[in-house]
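Quick notes on the structure that follows.
Values quoted throughout were computed directly from the atomic coordinates according to the rules given, and no laboratory measurement underlies them. As the structure is a computational prediction, the values presented were derived from the model and not from experiment. Cβ placement follows ideal geometry from the backbone for every residue including glycine, while neighbour counts extend to all protein chains displayed.
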Amino acid sequence: MEFGRLSNIENIDFTLPEDHAGTVKVLGGTKANKCAVYIGCPIWSEAGFIGKIYPKKIKPKDVAKYYSHQFNSIELNISHYKSLDKNTIENWVDITASDFKFCPKINQIVSHTPLIKQNADYMREIIATNKHFKQKLGIPFLQLPPHYDSTKINDLLDFCDEVALSNCAIELRHESWFKNETILKHICNYFYKNNLTLLLTDTAGRRDVLHQRLTTKIVFIRFVANDLHPTDYKRIDEWITRLKHWIDNGLEEIYFFVHTPTHELMPELAIYFVTEFNKRTGLNVKVPKIFSPFIEDQKLF
């Protein structure tokens with residue numbers, strides 16, 4: 001992910017902001033009976049994964065299957081660039097692990113135009129197509145581009161009304177959304193009433209998008225790391241502390257996706273996150289396995 005990436009991060013304050021006052025109100029303040037946790041990457045086809053989290057002799061057709069036995073979710077970016085069809089989705093559903101969740105990114109035909117209300121018909125088609133994921137559909141997400149500013153608020157809300165959008169995460173990127181408290185409050189109230197999750201992106205060069213405002217009892221986090229820099233681990237530790245606090249106050253679902261400039265390093269950070277998260281929360285999220293380079297025939301399932 002290029003958004004917010006910096007070549008020099010030495011002077012960046014990565015401290016998580018305090019929660020917005022509305023976050024605990026949204027969560028309710030009482031621990032839920034269960035919090036589902038989904039961890040993953042934005043890709044599953046990565047040459048650097050072969051021999052690390054996939055067998056050395058993996059066949060291309062088996063990549064999704066092996067990925068799903070290492071991670072229990074994927075930030076499915078391919079759906080942003082090409083339309084998915086029923087057969088492709090049903091094949092993925094058939095070959096992935098039973099507890100796996102897909103989080104498809106809404107196609108750029110919808111999101112990356114000057115105004116999005118005009119794309120309501122296409123969005124309805126995407127919603128219908130996503131139903132083929134069945135029980136493996138996590139939370140789809142709509143990423144609005146950096147040029148889509150807060151003057152488009154009526155376009156965004158009219159679009160959401162037009163397609164009756166619900167159970168979806170939305171990523172706002174333009175600085176204006178976070179500078180105007182009145183607009184941001186209006187957006188958050190609308191999202192809360194319509195079961196829409198305001199997505200969180202943790203990236204070095206845009207600390208303003210780390211708004212710490214939850215609008216549902218679901219959190220969707222895109223964590224942009226810096227190739228195993230020491231701050232990556234400190235940031236993850238702080239996120240675990242915050243997530244445990246949210247769990248204790250009513251959070252019901254977590255989606256945490258790891259991005260790194262060097263894609264093959266994603267598993268290391270994911271393993272660190274899950275291992276430490278399990279220790280500190282008492283939960284039992286599946287920990288990805290690094291294969292031994294000395295053993296040729298290794299199995300996950």
Looking at segment 166-205 only, could you name the residues that are farther than 19 Å from GLU18 by Cα and assigned to a strand (DSSP E or B)? CYS168, ALA169, ILE170, GLU171, LEU196
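Kindly indicate which of LEU84, LEU16, LEU6, LEU76 is surrounded by 15 or more Cβ atoms within 10 Å (Cβ to Cβ) and closer than 30 Å to GLU181 by Cα.
On the way: LEU84 fails: closer than 30 Å to GLU181 by Cα; LEU6 fails: surrounded by 15 or more Cβ atoms within 10 Å (Cβ to Cβ); LEU76 fails: closer than 30 Å to GLU181 by Cα.
Sole residue among the options that is surrounded by 15 or more Cβ atoms within 10 Å (Cβ to Cβ) and closer than 30 Å to GLU181 by Cα: LEU16.
State whether one or more residues within segment 206-216 are under 22 Å from LYS279 (Cα atoms), out of contact with any helix residue (DSSP H, G or I) (no Cβ under 8 Å at 6 or more places or on another chain) and not in a loop (DSSP other than H, G, I, E, B).
There is no residue in segment 206-216 that is under 22 Å from LYS279 (Cα atoms), out of contact with any helix residue (DSSP H, G or I) (no Cβ under 8 Å at 6 or more places or on another chain) and not in a loop (DSSP other than H, G, I, E, B).
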Any idea which residue in segment 225-282 is surrounded by the most Cβ atoms within 10 Å (Cβ to Cβ), counting only those that are among the acidic types (Asp, Glu) and part of a loop (DSSP other than H, G, I, E, B)? GLU252
Residues that are assigned to a helix (DSSP H, G or I) and in contact with a Leu (Cβ under 7 Å, 6 or more places away or on another chain), drawn from segment 46-71: TYR66
Among (1) touching a Gly at 6+ places or on another chain (Cβ under 9 Å); (2) farther than 21 Å from GLU171 by Cα; (3) not in a helix (DSSP H, G or I), the one test that ILE74 misses: (2)
In segment 167-222, how many residues are small (Gly, Ala, Ser) and either without any contact (Cβ under 8 Å) to a residue 12 or more places away in the chain or under 21 Å from ALA32 (Cβ atoms) (or both)? 1
For segment 47-90, which residues satisfy the criterion of being within 17 Å of LYS105 (Cβ to Cβ) and in contact with a strand residue (DSSP E or B) (Cβ under 6 Å, 6 or more places away or on another chain)? PHE71, SER73, ILE74, GLU75, LEU76, ASN77, SER79, HIS80
All but one of (1) in a helix (DSSP H, G or I); (2) of a type in the set (Ser, Thr, Tyr); (3) more than 30 Å from LEU300 (Cα to Cα) hold for THR88; which doesn't? (3)
With the structure loaded, tell me whether SER83 is among the hydroxyl-bearing types (Ser, Thr, Tyr), within 29 Å of ARG5 (Cα to Cα), out of contact with any Asp or Glu (no Cβ under 8 Å at 6 or more places or on another chain) and assigned to a loop (DSSP other than H, G, I, E, B) or whether it fails that test. yes
